[in-house]
Amino acid sequence: MSPPRSPGVRRLATLIALMITLSLMSALPAGAADPLLSQGKPVTASSTESIVFPASAAVDGDAGTRWSSAFADPQWIQVDLGATASISQVELSWEAAYATAFQVQVSADGGAWTTLHSTTTAAGGAQTLTVSGSGRYVRVHGTARATQWGYSLWEFKVYGTTGSTGPDPGERLLSYNKPGVASTSQHDVNCWECTPARAFDLDPASRWATSSTTGWVDPGWIYVDLGATAQISKVVLQWDPAYARSFQIQVSNDASAWTTVYTTTTGTGFKQTLNVTGTGRYVRMYGTQRAGAYGYSLWEFQVYGTGGNPTDPPAPPKDPANPPALVWSDEFNSPSGSKPDAAKWRADPGTGPNNELEYYTNHDNASMDGQGHLVMEARKQATPGSACPTDPLTGSTTCQYTSARMNTGTKFHFTYGRVEARIKVPKGNGLWPAFWMMGADFLTGRPWPYNGEIDIMEVLGKDVKTSYSTVHAPAYNGGGGVGSPYTLPSGADFSDDFHVWAANWDSKGIVYTLDGRTVFTISKDQVEQTRGPWIFDHPFYIILNLAVGGDWPGPPNAATPFPSRMLVDYVRVYQ
């Protein structure tokens with residue numbers, strides 16, 4: 001037992017407590033008694049005017065950055081608070097492009113919305129709205145613009161409390177690697193081994209699908225056996241394009257008598273996070289209306305709660321340190337004529353994909369220049385022998401060019417970090433320099449695009465004013481990849497000088513930069529909710545290559561210079 005304190009000590013303690021309370025109160029905006037919940041949380045929007053005004057800028061706590069929409073009605077922006085919360089206040093700081101008519105809405109699942117505030121006479125500026133409602137998602141839904149421009153918010157702040165209305169603090173993933181049963185499943189060239197187990201394996205690049213011969217009917221269902229009775233608090237569904245318009249989430253103690261804990265007739269597909277309450281050993285998605293002509297298919301079906309007999313999933317990879325430290329690099333400072341460091345790089349010889357015209361040699365086209373650069377050289381040089389196919393009409397080899405391709409596969413793989421390279425690209429029709437990464441499971445047999453591809457830099461020699469950064473996955477690849485073109489602020493050619501391309505990659509997504517300037521941001525949460533599963537949370541390796549020809553750049557012409565050289569000053573990885 002502590003000794004009694006004197007009145008003076010007690011008064012001092014009271015004064016300190018009062019000062020702490022006042023300090024905490026001063027951190028809240030005037031009139032707000034509840035904490036700020038929205039800052040830095042995942043956010044999505046109906047559109048963005050450009051990459052300069054992303055949705056994330058409205059919740060970053062920086063009053064100098066903003067979200068701006070396309071110039072049309074309606075438009076919306078929504079924030080995922082990460083858990084159900086009681087909402088008490090919303091603050092909106094409008095740019096000059098404001099809404100005269102809008103609603104503030106809440107939702108438990110990002111699909112069905114309840115309006116907490118509605119106006120048709122808003123005047124823009126700073127608005128503090130006192131509201132009352134509960135939900136995980138909060139949305140500003142604009143229906144009438146004040147100007148010919150779009151909608152634009154400097155800040156979108158949501159205040160409230162989480163607690164008894166949120167998930168159980170002991171909530172955990174219960175469904176990982178648990179047995180699954182489905183109405184039917186698919187196993188053919190279009191969906192190999194798409195069995196129920198694939199929905200519960202935490203592998204976002206594998207999926208369950210109903211049979212293509214007997215399963216494109218209603219109803220269709222899949223359930224998981226949690227191994228013991230559990231209290232269910234949340235279900236996460238990551239749909240393939242073959243999704244359910246109408247479905248129920250059901251629980252059961254015997255996989256026979258089912259109780260519905262969630263139902264909808266307006267399913268949206270993509271990723272749905274459903275806060276539910278129910279008890280049972282078995283949890284089922286019971287689809288009653290397909291969204292299209294195909295069946296039902298889920299990349300992921302995750303059940304959270306307490307109880308059950310859960311299997312611990314693998315620990316997620318760690319995000320990079322802040323600030324990150326250099327963990328791997330090649331400065332290419334070897335003497336002139338020397339080959340790439342065999343401890344860091346391996347040659348990747350052979351013909352290129354995408355109907356490219358070159359043959360990649362075994363480092364014959366890659367060497368140091370003695371001035372701190374790797375030189376990757378494309379030459380007009382036929383490849384004899386059986387390495388390249390022969391044109392049946394002319395009898396000549398179809399590989400009329402040679403070039404260089406190399407990677408860190410089996411040498412260096414990593415998950416998350418800042419990966420950057422300083423590169424000078426060549427100019428000329430048909431040239432296609434690239435700095436990119438492939439999922440390391442490609443080396444052990446997983447086919448593209450299921451392994452994932454992260455393109456950091458691609459430039460076409462016929463348009464050296466434009467660079468591209470893109471990601472490819474099973475649900476979005478090739479011409480449908482998630483990416484963006486961008487240019488230099490000066491409008492100059494990328495071939496005029498060296499530039500630093502970088503990808504800042506972590507558990508939230510990828511931020512691409514050019515010479516330190518952000519040019520494109522890919523949010524994991526937004527991709528999952530609008531395009532498909534995010535498959536980039538595992539090891540990747542680095543690739544450098546200079547292609548000639550192909551479906552995208554087209555062939556060289558008489559003006560294309562040969563030899564052409566891609567110069568690399570360095571490649572560095574920070575974690």
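Residues that are assigned to a loop (DSSP other than H, G, I, E, B) and either in contact (Cβ under 8 Å) with a residue 24 or more places away in the chain or open to solvent by less than 30 Å² (accessible area, probe 1.4 Å) (or both) within segment 232-257 comprise D240, P241, A242, Y243, N253, D254, A255, listed in sequence order. Taking the criterion of being touching a strand residue (DSSP E or B) at 6+ places or on another chain (Cβ under 6 Å) and either in a strand (DSSP E or B) or surrounded by fewer than 18 Cβ atoms within 10 Å (Cβ to Cβ) (or both), the only residue of segment 439-452 that qualifies is G439.
Tell me whether segment 108-116 contains one or more residues that are aromatic (F, W, Y), open to solvent by less than 40 Å² (accessible area, probe 1.4 Å), touching a strand residue (DSSP E or B) at 6+ places or on another chain (Cβ under 6 Å) and modelled with pLDDT under 95. If you could, list the steps in order and put the result at the bottom.
Filtering segment 108-116 for residues aromatic (F, W, Y) gives 113.
Adding the requirement that they be open to solvent by less than 40 Å² (accessible area, probe 1.4 Å) leaves none.
The answer is no; no qualifying residue exists.
There is at least one residue in segment 70-87 that is in contact with a Ser or Thr (Cβ under 7 Å, 6 or more places away or on another chain) and under 23 Å from Y486 (Cβ atoms). When you go through L357, L298, L374 one by one, which is the residue that is among the aliphatic types (A, V, I, L, M), open to solvent by less than 70 Å² (accessible area, probe 1.4 Å) and within 30 Å of S212 (Cβ to Cβ)? Of L357, L298, L374, the one residue that is among the aliphatic types (A, V, I, L, M), open to solvent by less than 70 Å² (accessible area, probe 1.4 Å) and within 30 Å of S212 (Cβ to Cβ) is L298.
Residue-level check: of (1) open to solvent by less than 10 Å² (accessible area, probe 1.4 Å); (2) not in a strand (DSSP E or B), S490 misses just (1). Evaluate segment 258-276: report whether one residue or more is touching a helix residue (DSSP H, G or I) at 6+ places or on another chain (Cβ under 8 Å), assigned to a strand (DSSP E or B) and open to solvent by 50 Å² or more (accessible area, probe 1.4 Å). Yes, segment 258-276 has at least one match.
If you take the residues in segment 187-205 that are within 20 Å of Y304 (Cα to Cα) and not hydrophobic (A, V, I, L, M, F, W, C), which one is most open to solvent (accessible area, probe 1.4 Å)?
In the first step, residues of segment 187-205 are kept if they are within 20 Å of Y304 (Cα to Cα); the result is 196-204.
Retained after the next criterion (residues that are not hydrophobic (A, V, I, L, M, F, W, C)): 196, 198, 201, 203-204.
Details: P196: 20, R198: 78, D201: 33, D203: 40, P204: 37 Å².
Among them, the one singled out is R198.
Contact annotation: residue pairs with Cβ atoms under 8 Å, 6 or more positions apart or on different chains, pairing a residue in segment 36-53 that is farther than 19 Å from L514 by Cβ with a partner that is hydroxyl-bearing (S, T, Y) and open to solvent by 50 Å² or more (accessible area, probe 1.4 Å), are L37/T162; V43/S56; T44/T530. Name the residue that is most open to solvent (accessible area, probe 1.4 Å), counting only residues in segment 341-354 that are under 19 Å from I542 (Cβ atoms) and in a strand (DSSP E or B). Looking at residues that are under 19 Å from I542 (Cβ atoms) and in a strand (DSSP E or B), I get R346. Within segment 82-95, residues that are over 11 Å from S134 (Cβ atoms) have Cβ atoms under 6 Å from residues that are of a type in the set (D, E) and open to solvent by less than 30 Å² (accessible area, probe 1.4 Å) in these pairs: S93/E155, counting only partners at least 6 apart in sequence or on another chain.
In segment 319-334 there is at least one residue that is in contact with a Leu (Cβ under 7 Å, 6 or more places away or on another chain), within 30 Å of G372 (Cα to Cα) and touching a residue at least 40 places away in the same chain (Cβ under 8 Å). Considering (1) buried (at least 21 other Cβ atoms within 10 Å of the Cβ); (2) in contact with a helix residue (DSSP H, G or I) (Cβ under 9 Å, 6 or more places away or on another chain); (3) among the aromatic types (F, W, Y), the lone condition that Y98 does not fulfil carries the number (2).
Where residues in segment 337-379 are of a type in the set (D, E) and modelled with pLDDT of 95 or more, which of them is farthest from V571 (Cα to Cα)?
Looking only at segment 337-379, we keep the residues that are of a type in the set (D, E), and these are 341, 348, 356, 358, 364, 369, 377.
Checking the rest, the ones that are also modelled with pLDDT of 95 or more come to 341, 348, 364, 369, 377.
Numbers: D341: 13, D348: 18, D364: 20, D369: 16, E377: 18 Å.
If we take residues in segment 337-379 being of a type in the set (D, E) and modelled with pLDDT of 95 or more, then D364 is farthest from V571 (Cα to Cα).
Sort out which residues of segment 213-229 are part of a loop (DSSP other than H, G, I, E, B) and either within 27 Å of the chain's Cα centre (by Cα) or surrounded by fewer than 19 Cβ atoms within 10 Å (Cβ to Cβ) (or both), and write them in order of number. Working first, answer last.
As a first pass, look at segment 213-229 and keep what is part of a loop (DSSP other than H, G, I, E, B): 213-219.
Of everything in segment 213-229, those that are part of a loop (DSSP other than H, G, I, E, B) and either within 27 Å of the chain's Cα centre (by Cα) or surrounded by fewer than 19 Cβ atoms within 10 Å (Cβ to Cβ) (or both) turn out to be T213, T214, V217, D218, P219.
Checked against (1) free of Cβ contacts under 8 Å to residues at least 40 places away in the same chain; (2) in contact with a Phe, Trp or Tyr (Cβ under 9 Å, 6 or more places away or on another chain), D348 passes all but condition (1). In segment 453-472, what residues are under 22 Å from T518 (Cβ atoms) and either open to solvent by less than 10 Å² (accessible area, probe 1.4 Å) or outside any strand (DSSP E or B) (or both)? I454, D455, I456, M457, V459, V464, S467, S469, V471, listed by residue number.
Counting only residues that are farther than 26 Å from W448 by Cβ and among the hydrophobic types (A, V, I, L, M, F, W, C), segment 168-204 holds 4 of them. Please find, within segment 302-334, the residue that is farthest from E193 (Cα to Cα) out of those that are part of a strand (DSSP E or B) and in contact with a Ser or Thr (Cβ under 7 Å, 6 or more places away or on another chain). Selected residue: G307.
Just to be sure, is Y176 within 23 Å of T48 (Cα to Cα), in contact with a strand residue (DSSP E or B) (Cβ under 9 Å, 6 or more places away or on another chain) and not basic (K, R)? Judged against the criteria, Y176 is not a match. Just for segment 493-521: of the residues that are open to solvent by less than 10 Å² (accessible area, probe 1.4 Å) and under 25 Å from N354 (Cα atoms), which one is farthest from the chain's Cα centre (by Cα)? For segment 493-521, the residue satisfying everything is F494.
Confirm whether D62 is closer than 30 Å to Y486 by Cα, modelled with pLDDT under 90 and part of a loop (DSSP other than H, G, I, E, B). Considered against the rule, which asks whether it is closer than 30 Å to Y486 by Cα, modelled with pLDDT under 90 and part of a loop (DSSP other than H, G, I, E, B), D62 comes out as yes.
Name the one entry in S367, S338 that is small (G, A, S), part of a loop (DSSP other than H, G, I, E, B) and either in contact with a strand residue (DSSP E or B) (Cβ under 8 Å, 6 or more places away or on another chain) or surrounded by 13 or more Cβ atoms within 10 Å (Cβ to Cβ) (or both).
Working: S367 fails: part of a loop (DSSP other than H, G, I, E, B).
Going through S367, S338 in turn, the sole match is S338.
Please indicate, with yes or no, whether at least one residue in segment 143-160 is surrounded by fewer than 22 Cβ atoms within 10 Å (Cβ to Cβ), touching a Ser or Thr at 6+ places or on another chain (Cβ under 7 Å) and closer than 30 Å to A244 by Cβ. Scanning segment 143-160 turns up no residue that is surrounded by fewer than 22 Cβ atoms within 10 Å (Cβ to Cβ), touching a Ser or Thr at 6+ places or on another chain (Cβ under 7 Å) and closer than 30 Å to A244 by Cβ. Would you mind telling me which numbered condition in (1) open to solvent by 40 Å² or more (accessible area, probe 1.4 Å); (2) modelled with pLDDT under 90; (3) over 30 Å from T264 (Cβ atoms); (4) part of a loop (DSSP other than H, G, I, E, B) K41 fails? All conditions are met except number (3).
The values are calculated or read from the model by the stated rules, or taken from the named source; none is laboratory data. Quick caveat: nothing in here was measured; it's all calculated off a predicted structure. Because the Cβ atoms are built from the backbone with ideal geometry, glycine has one as well, and the counts that use them run over all protein chains shown. The protein model used for the area step is the full one, side chains on, heavy atoms only, and it has no ligands, DNA or RNA in it. Shrake-Rupley method; radii C 1.70, N 1.55, O 1.52, S 1.80 Å.
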